[in-house]
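Enquirer: The following block contains the structure, expressed as structure tokens.
The values are calculated or read from the model by the stated rules, or taken from the named source; none is laboratory data. Keep in mind it's a predicted model, so treat the numbers as computed, not measured. Reconstructed Cβ throughout: ideal geometry from the backbone, glycine too, with neighbour counts over all protein chains shown. These accessible areas exclude ligands, DNA and RNA; they are computed on the full protein's heavy atoms, side chains included. Shrake-Rupley method; radii C 1.70, N 1.55, O 1.52, S 1.80 Å.
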Amino acid sequence: MKRQEWTSKLGVILAVAGSAVGLGNFLRFPSIATQNGGGAFLIPYFIALILLGIPLCWVEWAMGRYGGQFSHGSAPGILDAVGGRRRPAAKYLGAIGIFGPLLIFFYYVVIESWTLGYAFYSLTGVLVSASQKQQVLLFFDGYRGIAPNDMFPTITPMYVIFIITFVTNFGILYLGISKGIEMVNKIAMPLLAIIGVILTARVLTLGTPDPLHPDWNLLNGLGFMWNPDFKRLGEPKVWLVAAGQIFFTLSVGIGVILTYASYLKPKDDVALSSLSASAANEFMEVIIGGSVVIPAAVVFYGATQAVDIAKGGTFNLGFVTMPLIFAHMPGGSFFCFLWFILLFLAGLTSSISILQPAVSFLEDEFRYNRRRSILFSGLVCFIFSQFAIFGLARGFLDEMDFWGGTILLVLFGLIEVIYFGWIFGIDRGWEELHKGADIRIPNFFRLIIKFITPLYICIILIYFLADNFKGFVLMKSYGERWKEVLILRLALLLFFLFVCFLISIAWKRRFNERGIEK
Amino acid sequence: MKLSGWIFMIVSWSAIIGLCVYCFRAIFRTQTRNIVYPLEVESQIEKEADEERAKDEKL
């Protein structure tokens, strides 16, 4: 069976950029930048981009394209190809590259459906009519089913929109790489950029809307985001938070880039394409993400309240503060709709990418057709997504995010860079990276990939584990709910073992097929 | 906003916009370079046919 291919270079770049640009670009980045030194935060951020983000992207693109030559489109097969015949255990390490993205998808699709729901309620005017924080909080809790109220007595509206979002994701994947993923990204990414620029322009022209508070103005809003606090650079935590943000924003360590790159032709460029996708992501994060949420919060609530808003977390910022801000603006419903459509498109282009490794695994290693692969992975995702929907108040979403969106991501990134720099060998890797390349990567990146990037990731992994050991690993932050979370943890562990079992079956079948051929 | 804030914002924005312009200009340039026009295809076919003819004559 012939593997699918990308039809254009721009298509694959937009698809990888679409995977990287997510909710974190517009919500997480501005929030952590203001809490960690403002403009000064950009120093450790850009250093981490050069030493960690860009090298890891190159590693994933090169390994993915290499694995694709052996008809492998997911981490088990790609690590097996890169590791060579003497390391049969490599494919089991690759299980993280299927389990991790699926785990993220289980809850990410739920959050994505909230953004679509909020876009709908923005258009109807219901959302913007809630001008008090308490009303918006009631709306948010009622909509998610945490605390049913007069506005949302049941979870049905949220569930219907979840089903629409879920089917949309799998529908796109059913259309395949070029007609589905590539086509959607070619439309969604320019649209995302246009909406982002419109919202940025709107915020940058806010001026001083409240004459009673002359301090609440745009310049102070930008100052709140960009004025550097150099003292914070002496704190190791700031450097680690910046490195973590780079990790999450570029979609590295998930296995998505490996899968996307496996659909490239053997002589397609990866060096420039990878750099371009990273550049597009940075544009969305630093320029668009850094100009909308926090400056707008200062303009409408002042710097004192903006501190609490930034500390309030990503969901609070996106789903509570932003609707309140738009409620104060002329044409608020329209801009609120644009904001949530922006988040929905960013979420959609990311969620389809994190599903593809599992679909590729079934297609390439089990020779399933696309329909069967979609049905099988869809069934698994639907079952586990129910945990995120109905276990939201029990902390299930936080648990999934901790393992899928934090620990496994960094762990798999470490595995990838060690395989590329030490097992595949940096010389072979460098040669592979430059096959058909449109740019020449400076030689000092060889040293960075071999020594600095793995060391940097090790430090981040240790920091994350240490920082969350009591709260998440030992489940102290869950209080009385720890028993329910333990059940979820066991269910996820069983699922991970099931993925390992599938890998073992796939390789046995492959081995038997080869024997028959001989 | 302080002067240092302006400096950080302008430098960051310039670096990112500069990187985007460099990358996407290079991509569109290489895409244009890779386009093979009909005339080039024809001349390539003719060239290959001539080479084959020359080989046959030698044999």
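Enquirer: What percent does the relative contact order of chain A come to when contacts are Cα pairs within less than 8 Å and at least six residues apart?
Expert: Relative contact order for chain A comes out at 31 percent.
Enquirer: How far is it, in nm, from the label point at A:Ile50 to the one at B:Lys2 when both lie 7 Å from their Cα along the line to the Cβ?
Expert: My value for the distance between the label points is 2.4 nm.
Enquirer: Also, I was wondering about something else. In terms of the ratio Rg/(2.2 N^0.38 Å) built on C-alpha atoms, what value belongs to the protein assembly as shown?
Expert: 1.00
Enquirer: Here's something else I'd like to know. Can you compute the radius of gyration and Dmax for the range A:1-108, using only the Cα atoms, both in Å?
Expert: Both quantities, over Cα of the range A:1-108: 17.3, 53 Å.
Enquirer: Any idea what diffusion coefficient the range A:341-412 gets from Stokes-Einstein, in µm²/s, Kirkwood Rh on alpha carbon pairs, 20 °C, 1.002 mPa s?
Expert: Once the numbers are plugged in, D ends up at 154 µm²/s.
Enquirer: Continuing with the same structure: Give A:Lys2/A:Lys450; A:Lys311/A:Lys476; A:Lys91/A:Lys179 a once-over and call out the pairs whose C-alpha atoms are over 25 Å from each other.
Expert: Correct reply: A:Lys2/A:Lys450; A:Lys91/A:Lys179.
Enquirer: Which aspartates and glutamates have a Cα less than 13 Å from the Cα of A:Lys237, not counting those fewer than 8 places away in the same chain?
Expert: A:Asp467
Enquirer: Find, among the trypsin sites (Lys or Arg not before Pro) in the range A:399-460, those assigned to loop by DSSP (not H, G, I, E, B) with at most 10 other beta-carbon atoms within 10 angstrom.
Expert: Those that pass, being in a loop and sparsely packed, are A:Arg440.
Enquirer: Can you send over the carbon and sulfur percentage of the accessible area for the range A:393-453, probe radius 1.4 Å, protein chains only?
Expert: In the range A:393-453, the share of accessible area belonging to carbon and sulfur is 59 percent.
Enquirer: If one takes the accessible area of chain A alone plus chain B alone and subtracts that of the pair, with a 1.4 Å probe, what total in Å², rounded to the nearest 100, results?
Expert: Summing both sides, the interface buries roughly 2200 Å².
Enquirer: State in Å² the accessible area per residue of chain A; use a 1.4 Å probe, count heavy atoms of protein chains only, and round to the nearest integer.
Expert: In whole numbers, chain A has 38 Å² accessible per residue.
Enquirer: Return the FRET efficiency for the residue pair A:Arg85, A:Leu219: r is the Cβ-Cβ distance, R0 is 45 Å, and the value is rounded to the nearest 0.05.
Expert: So, using R0 = 45 Å, E works out to roughly 0.10.
Enquirer: I'd like the distance separating the alpha-carbon centroids of the range A:301-373 and the range A:13-68, in whole Å.
Expert: Answer, in whole Å: 17.
Enquirer: So if I place +1 on the C-beta of Lys and Arg and -1 on the C-beta of Asp and Glu, and nothing else carries charge, what would the dipole magnitude of chain A be about its Cα centre? I want it in debye, nearest 20.
Expert: Value, rounded to 20: 1540 debye.
Enquirer: Filter the trypsin sites (Lys or Arg not before Pro) in the range A:84-167 down to the DSSP loop ones having no more than 11 other Cβ atoms within 10 Å, then list what survives.
Expert: Answer by residue number: A:Arg85, A:Arg86.
Enquirer: What nm distance separates the two modelled labels at A:Thr154 and A:Arg440, each placed 7 Å from Cα along Cα→Cβ?
Expert: 6.8
Enquirer: Return the FRET efficiency for the residue pair B:Val11, A:Gln134: r is the Cβ-Cβ distance, R0 is 35 Å, and the value is rounded to the nearest 0.05.
Expert: 0.25
Enquirer: What percentage of the solvent-accessible surface of the range A:461-513, computed with a 1.4 Å probe over protein heavy atoms, is contributed by carbon and sulfur atoms?
Expert: Carbon with sulfur: 72 percent of the solvent-accessible area.
Enquirer: Then there is this: At A:Ser71 and A:Tyr92, where each label point lies 7 Å from the Cα along Cα→Cβ, what is the point-to-point distance in nanometres?
Expert: 2.6
Enquirer: For the range A:289-374, state which chymotrypsin sites (Phe, Trp or Tyr not before Pro) are in a DSSP loop and have at most 16 other beta carbons lying within 10 Å of their beta carbon.
Expert: Filter output for the range A:289-374: A:Phe366.
Enquirer: Here is a follow-up. Under 17 Å Cα-Cα from A:Lys265, which aspartates and glutamates qualify once same-chain neighbours fewer than 8 residues away are excluded?
Expert: Within the straight-line cut-off, A:Lys265 pairs with A:Glu5, A:Glu60, A:Glu182, A:Asp364, A:Glu431, A:Glu432, A:Asp438.
Enquirer: Moving on to the next point. Take every Cα pair under 8 Å in the range A:138-224 that's 6+ residues apart, average their separations, divide by the length, and report that relative contact order as a whole percent.
Expert: 11 percent.
Enquirer: Another question, if that's okay. Where the centroid of each part is defined by its Cα atoms, how far is the range A:389-412 from the range A:256-276 in Å?
Expert: Rounded to whole Å, the Cα centres lie 29 Å apart.
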